[in-house]
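K.L.:
Encoded as structure tokens, here's the structure I'll be asking about.
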Amino acid sequence: MAVRGWGGSIAAAIGVAACAGAAQLGLGYGLGIITWLPASDRAGEAAWAASLSWAAWIAATSTVAGAIGAQRLAEPAETGGDPPAAAFLGRLSLVLAAAVGALVTVALVAVPARAAVRADTFSPQTIAAGYAVIGVLIGLVFALWSLSSRPAASNIIGTIGWLWLLSVISVTEGVISGGDQPPAQLGVWQITSGSEAFWFRDYLYWPGAAVALGAAFVIGALVARGPARDPLHRVGAAISGIAGPLIVATAYFLAAPRLSGIRPEQVSAHLLAPYAVLAGLAGSMLVTTLAQRADRPRATVPTQRHDEDAHPGYAYNFAGRADADTRTTTADVNATTADARAASADARATKADVKDANADPWARTTDARATTTGGVGGTSATDGGDRDDKAARAAATPLWPEGTAPGETPPEPKPERKRRFGRKTES
């Protein structure tokens, strides 16, 4: 992100976070999801615990929404080409700005919380505001993760949308059915009421568990489906399923860490939160594993050619490489076959040449020429030693003397010059 664009991005992060916090709290107050009852009975305790979890979750998600919104609103020229250190500082500045904007939730939670009555404290608004501040700090961590991993950001946004949709459905169902409805729980919808058949040991509501776990699994799988196809983002896609459910689980843990003094439906919601994290992780891991298995035939590895040593990032396709190797092997086999045929033809030609040489009279007179002596009065050796020498010289004589090879015209023999011996004439 360019330096000249930091001012606008920081202002956008503050504005988006503040608007997200105010909008969510307004929706919660309007639907009766967040209520600060002036009572310390069982209903008041249930409303207090549910409101604290909603307040912490809204503060955290407002921080994340502000950072993601500012990053998406930034121009591509401002976010590309920066060094890693500058890019990290840019993301950190957006996260801090979003946290400043999300602090509006502290005031919007503390002021209405003054109506609550608590036996363990004289200032319930301080406790409620503290939960909102902790939610903002939690949002800092998840916002920084979201800016570094697009699948995690998408999972958080998808989880926010689903939880608000489920809350609206839950409140609408309660209004239609009438009667005294318990406060809407974060991420859990009590579909039925007054029937013990849907409860497991009086503290686990299994229809709500099925909805919560199924939603976490489906959101994790759908969000990770696109990034899992890219090997560079596959790790981020594999763990992105825990992003949204983990914020919910953290908010539940802060609201009631000991699970004492709360209603059974709230106990069920608190117990399901960690399992929803595992369900989301299972969905994203399953999709990533399937994508990796589908890309296995097209896996790329570095090449071994010397002309590409200067490019370590170069990779080639296994299928294309196999085809090239097959073609090269076929060409080598063809060349070897051609060489074998040529060698066979040479052998046949050599045999034919040998037969011609045996039938050539000039080749049969080679030994006789080698043993012939010139000059008048010359004699040929008849002893055993001379015969051995002649045999050795005949063996060293080439098969075809010069001019007598097959196909060549033999030279005409030169007439022997005879020396005549006579008496010297006396003058």
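K.L.:
Starting from the Cα gyration tensor of the stretch 104-185, take the square roots of the eigenvalues, sort them a ≥ b ≥ c, and report rounded, prolate or oblate (rounded when a/c is under 1.5, otherwise prolate if a/b is larger than b/c, else oblate).
P.N.:
oblate
K.L.:
Which order do LEU96, LEU31, LEU25 take by accessible area at a 1.4 Å probe, largest first? Walk me through the numbers before you get to the answer.
P.N.:
Working: LEU96 95, LEU31 60, LEU25 5 Å².
Result, largest first: LEU96, LEU31, LEU25.
K.L.:
Could you order THR121, THR288 so the one with the most accessible surface comes first? Probe is 1.4 Å.
P.N.:
Heavy-atom accessible area, descending, gives THR121, THR288.
K.L.:
Heavy-atom accessible area of ASP120 with all protein chains present, probe 1.4 Å, nearest 10 Å²?
P.N.:
Rounded to the nearest 10, that gives 110 Å².
K.L.:
For a quick check of understanding: with a 1.4 angstrom probe and all protein chains in place, what accessible area in square angstrom does ARG72 have, to the nearest ten?
P.N.:
Around 120 Å² of this residue is reachable by solvent.
K.L.:
So how much accessible area does ILE176 have, in Å² to the nearest 10, using a 1.4 Å probe?
P.N.:
140 Å²
K.L.:
Please give the net charge around ALA98, taking every other residue with its beta carbon less than 15 angstrom from that of ALA98, where Lys and Arg add +1 and Asp and Glu add -1. Don't skip to the end; give the middle numbers.
P.N.:
Values: positive: ARG72, ARG91; negative: none.
It works out to a net charge of +2.
The values are calculated or read from the model by the stated rules, or taken from the named source; none is laboratory data. As the structure is a computational prediction, the values presented were derived from the model and not from experiment. FYI the Cβ positions are ideal-geometry reconstructions off the backbone, even for glycines, and counts take in every protein chain you see. Remember, those area values only see protein heavy atoms, side chains included, never the ligands or the DNA or RNA. Shrake-Rupley method; radii C 1.70, N 1.55, O 1.52, S 1.80 Å.
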